[in-house]
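One structure is given below, encoded as structure tokens.
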2 protein chains.
Amino acid sequence: MTEKRAPTRIQKKNRATILEAALEVFSQHGFRGATVDQIANAAGLSKPNLLYYFPSKDAIFTALLSGLLDTWLAPLQAMDPNGDPMEEILSYMQRKLQMSRDFPRESRLFANEIVQGAPRILDILSTDLKDLVDEKARVLRQWMDQGKIAPMHPHHLLFSIWSLTQHYADFDAQVQVLMDGEDPYEAAPEFLETLFRRMLTP
Amino acid sequence: MTEKRAPTRIQKKNRATILEAALEVFSQHGFRGATVDQIANAAGLSKPNLLYYFPSKDAIFTALLSGLLDTWLAPLQAMDPNGDPMEEILSYMQRKLQMSRDFPRESRLFANEIVQGAPRILDILSTDLKDLVDEKARVLRQWMDQGKIAPMHPHHLLFSIWSLTQHYADFDAQVQVLMDGEDPYEAAPEFLETLFRRMLTP
DNA sequence: CCTGAGTTTGACCGTTTGGTCAAATCAACA
DNA sequence: TGTTGATTTGACCAAACGGTCAAACTCAGG
């Protein structure tokens, strides 16, 4: 029997602080580009102290990812097969857009990893995400067969939602420069609403 | 006067080999994640030999980027203000899609850098790219004012073209997993053609 | 106040990294 | 063929890296 001690008050606080710092650093520099010292500094801890709470850099990254996965997949999970097709898709898209606005670091964390071939999360993608996507792709196909939305490749439809919304978080540096600092999220909701409404109308 | 010697046959060949290897490695791991040794190996050279042709890792990266910039911006450059608006935008989009298919490493190279805040290319983005984008945004706005295409935010229109096309290259790892290895470029051209035609029709 | 578990740290280790250098080798041309 | 500049390399260096460890410190419960 492996002994599991209940986490103390300090453990709870420090683990949370470390994961917050890790999100900040990993999302900005990627796994390889981030250093344990950077994370420790961002968390206000010494390196050995940080490694007292997580055994390795890998462990921090893994803990961070698995803690984020549910939150990250929640919007797609929430797409209701029994709801109104057009409204379900549009509100899924708007939720994704809001996540780009409110959680850009989480978006960049995944972006960084996937652009580099997803070496550390390929198994998660090909199990959890794949199952969810296949399930929702079937729902989309049904809606198309019923003539509720225009027929198209379901996977490409999902990709288009992801790319259009996450672009504002993942490529924020470029967006900021090209828009003279104007807030992209001012026009984006209406722009994407119109785009998808036109795209999905049968 | 700084003496500039004409590059020898060997210099030409090795510089090209190194830049090709650098593209392979940088696009896969990002600047920080790539090592000089990796690039040297990929180029079939020893590390000191590689550093005989480029003074530093930074110099390789810079040379690679500046050599790629023109190619990368060419499709947008080619969008003709005097052409038919709908066809110009659609063929620009298709060219971008083909570049994702044919030059995914170049796409990921830029993606990696921008996701991490574009620390090494922010000046290029805010000068060369910004000027080009502003110019083409004016063209798009004219077309909208003339009623040739539906009115919308020009910058967001450009972002949508970029994100939708580059997604297939930048997030290829994810796309491959979710499509069971089915070639995404089979359906993508028609999918995006339809999408943008609906989106742009006045 | 005492005690023991929980927490923190400075010093340290082996490896990897970007980069240097003198010496060796090669290639071209007179 | 000899000579000179171009090319290549093994050995090396300092800094940065992920991680370890024993010792010191802190804190809650008795």
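Readers should treat all values here as calculations from the given coordinates under stated rules, not as data from a laboratory. Values in this document were obtained by computation on a predicted structure and should not be read as measured data. Cβ sites come from the backbone with ideal geometry, for glycine too, and all protein chains shown count toward neighbours.
A few notes on this one:
- Zone of B:ALA150's modelled label, taken as backbone nitrogen in the stretch A:136-170 under 14 Å from a point 7 Å along Cα→Cβ: A:150
- Radius of gyration and maximum dimension Dmax of the stretch B:1-54, Cα, Å: 12.3, 40
- 10 Å beta-carbon shell around B:ASP180, net charge (K/R +1, D/E -1): -1
- Within chain B, helix-based [θ] at 222 nm, where runs of 4 or more DSSP H residues each add -39,500 (n - 2.57), nearest 500: -24000 deg cm²/dmol
- Mean sequence separation of contacting Cα pairs (under 8 Å, at least six apart), scaled by the length of the stretch A:1-108, corresponds to a relative contact order of 28 percent.
- Shielding of B:161-169 by partner chains, average beta-carbon count, 10 Å: 4
- GNM flexibility winner over chain A from A:ASP145, A:ASP180, A:ASP134 (Cα, springs under 10 Å): A:ASP180
- Checking the Cα-Cα distances for B:LYS13/B:LYS130; B:LYS96/B:LYS136; A:LYS57/A:LYS130; A:LYS13/A:LYS96; A:LYS12/A:LYS96; A:LYS12/A:LYS57 against a 22 Å cut-off, the pairs over it are B:LYS13/B:LYS130; A:LYS57/A:LYS130; A:LYS13/A:LYS96; A:LYS12/A:LYS96.
- Cβ-defined net charge surrounding B:ASN41, 11 Å radius [Lys, Arg +1; Asp, Glu -1]: -1
- GNM result for chain B, Cα springs below 10 Å: residue of B:LEU51, B:LEU23, B:LEU97 fluctuating most strongly: B:LEU51
- Label 7 Å beyond Cα on the Cβ vector: B:THR62 copy-to-copy distances, nm: 4.1
- The value of relative contact order for the stretch B:68-200, using C-alpha pairs under 8 Å at least six residues apart, is 35 percent.
- Viscosity 0.692 mPa s, 37 °C: Kirkwood-radius Stokes-Einstein D of the stretch B:100-202 over Cα pairs, µm²/s: 211 µm²/s
- Sequence-separation-based contact order of the stretch A:7-54, relative, with Cα cut under 8 Å and 6+ spacing, percent: 38 percent
- The mean count of C-beta atoms from other chains within 10 Å of the C-beta of residues in A:102-108, rounded to a whole number, is 1.
- Taking label points 7 Å from Cα along the Cα-to-Cβ direction, A:ASN82 and B:ARG141 give a separation of 5.0 nm.
- Peptide B:152-160 - average C-beta neighbours from other chains (10 Å radius): 6
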